[in-house]
Amino acid sequence: MVSFISRITLPSIFLLASFTANAQENKPIAIPEGFKSMAVYFMDGQYDLASPNQDIPNCQNLFCFGTYWFETIMGLTPKQIDEEEAAAKTFFLKRFGINVDSATANGKAFFSPFSTDPRANYRAHILDKYNIHKLGWEVHDGGFLLILQAKTELGGDWTGITVPGGTMVVFGGYAIQPSSLKEIRGTKVLINKGEPIVIRYQSGEPILPTGSSGSIFFRCEITSSPWGPGKAQGVGGSVPVADGLAPKSIMKLNTRNVLTFSGSDGAGNYDGVYNDPSVVFGTR
């Protein structure tokens, strides 16, 4: 796995020695009863989705298609990437009954390695009991993405279920980069610290195309993490920027993702405060 290097744009590198104050860190949270841990991500960047990312090839409309996540973020070799691809195809066949090679050859599906455009500002604001600054730790989200091009009857665990064209399934992971935030003279400087924290996931159910609200809903199974298996559930969407002078493709992203770690279902093992005989309610 590779180390990350922050891009710091300051008039002089010697300013790094003159920082006088750190940005205040958030206080760690209490892990909810019945869970091993939890995390919350926000994606709230604002930018022109139609514009290409100047730093990452083939990166437009939120997704970057290519091996950037595997090579640059995870530091995998070509052989390891091939193994990841084979694992993704095996999962899609077993879970959803989709033969990736056949579906793509017939034009019925689009399959590609992907990552989320960093301009989307996907960041972890809660992660276990870590102290995280107000700008959050960057979430590098990537893996393999399969998009069905037409209405499809699924198989595998979803035999008999038909989904519309535009339905997606994913197989990948989050690499969360710890960082510190320093401020000097009104300039914020993010400094990455150590190796990323890796959480692997796979689609628990198909991700259906956006409806009238423009939002998508997703539920993924966490297959491995420092806290064991669990679930990642959330909603993704965007809102056009209301500026008559701005291109129509400038969007304010609006995605929230909550992860819980507690066994294979991620639902926790606590029955609730009002069902807990050991809890007594008092008044002051």
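The values are calculated or read from the model by the stated rules, or taken from the named source; none is laboratory data. Keep in mind the model is a prediction, meaning the values are calculated, not measured. No Cβ is skipped: glycine too gets one built from the backbone with ideal geometry, and neighbour counts run over all protein chains shown. Accessible surface areas use protein heavy atoms only, side chains included; no ligands, DNA or RNA. Shrake-Rupley method; radii C 1.70, N 1.55, O 1.52, S 1.80 Å.
Points worth noting:
- Condition met for residue 165 (open to solvent by 30 Å² or more (accessible area, probe 1.4 Å), farther than 21 Å from residue 141 by Cα and either in contact (Cβ under 8 Å) with a residue 24 or more places away in the chain or among the aromatic types (Phe, Trp, Tyr) (or both)): yes
- If you go through the range 268-281 and pick out every residue that is in a loop (DSSP other than H, G, I, E, B) and open to solvent by 70 Å² or more (accessible area, probe 1.4 Å), you end up with 7.
- Within the range 75-106, if we keep just the residues that are in a loop (DSSP other than H, G, I, E, B) and open to solvent by 50 Å² or more (accessible area, probe 1.4 Å), the residue that is farthest from residue 201 (Cα to Cα) turns out to be 106.
- Single residue of the range 124-159 satisfying the filter (touching a Pro at 6+ places or on another chain (Cβ under 9 Å) and more than 24 Å from residue 256 (Cβ to Cβ)) that is surrounded by the most Cβ atoms within 10 Å (Cβ to Cβ): 148
- Checking the stated criteria, residue 183 turns out to be assigned to a strand (DSSP E or B), open to solvent by 30 Å² or more (accessible area, probe 1.4 Å) and modelled with pLDDT under 95.
- Leading residue by the ranking (surrounded by the most Cβ atoms within 10 Å (Cβ to Cβ)) among those in the range 186-202 that are out of contact with any Pro (no Cβ under 9 Å at 6 or more places or on another chain) and among the β-branched types (Val, Ile, Thr): 189
- Residues of the range 20-61 classified as open to solvent by less than 40 Å² (accessible area, probe 1.4 Å) and modelled with pLDDT under 65, total: 1
- Residue in the range 76-94 that is more than 26 Å from residue 195 (Cα to Cα), in contact with a Leu (Cβ under 8 Å, 6 or more places away or on another chain) and of a type in the set (Phe, Trp, Tyr) present: yes
Conditions (1) in a loop (DSSP other than H, G, I, E, B); (2) farther than 28 Å from residue 71 by Cβ, marked per residue:
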site	(1), (2)
176	no, no
190	no, no
198	no, no
205	yes, yes
209	yes, yes
218	no, no
222	no, no
231	no, yes
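Table: residues versus (1) small (Gly, Ala, Ser); (2) modelled with pLDDT under 95; (3) over 29 Å from residue 163 (Cβ atoms); (4) touching a Gly at 6+ places or on another chain (Cβ under 9 Å).
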{"position": "226", "(1), (2), (3), (4)": "no, no, yes, no"}
{"position": "232", "(1), (2), (3), (4)": "yes, no, no, yes"}
{"position": "239", "(1), (2), (3), (4)": "no, yes, no, yes"}
{"position": "243", "(1), (2), (3), (4)": "no, yes, yes, no"}
{"position": "257", "(1), (2), (3), (4)": "no, no, no, yes"}
{"position": "266", "(1), (2), (3), (4)": "yes, yes, no, yes"}
{"position": "281", "(1), (2), (3), (4)": "no, yes, yes, no"}
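Each row is one residue, and each column tells you yes or no for (1) under 20 Å from the mean Cα position of the chain (by Cα); (2) among the aliphatic types (A, V, I, L, M).
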position: 153; (1), (2): no, no
position: 157; (1), (2): no, no
position: 176; (1), (2): yes, yes
position: 184; (1), (2): no, yes
position: 196; (1), (2): yes, no
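- Selection within the range 107-129 - within 18 Å of the chain's Cα centre (by Cα) and either outside any strand (DSSP E or B) or of a type in the set (A, V, I, L, M, F, W, C) (or both): 114, 117, 118, 119, 120, 121, 124, 126, 127, 128
- Residues of the range 205-223 that turn out to be open to solvent by 20 Å² or more (accessible area, probe 1.4 Å) and under 17 Å from residue 142 (Cα atoms), as a count: 4
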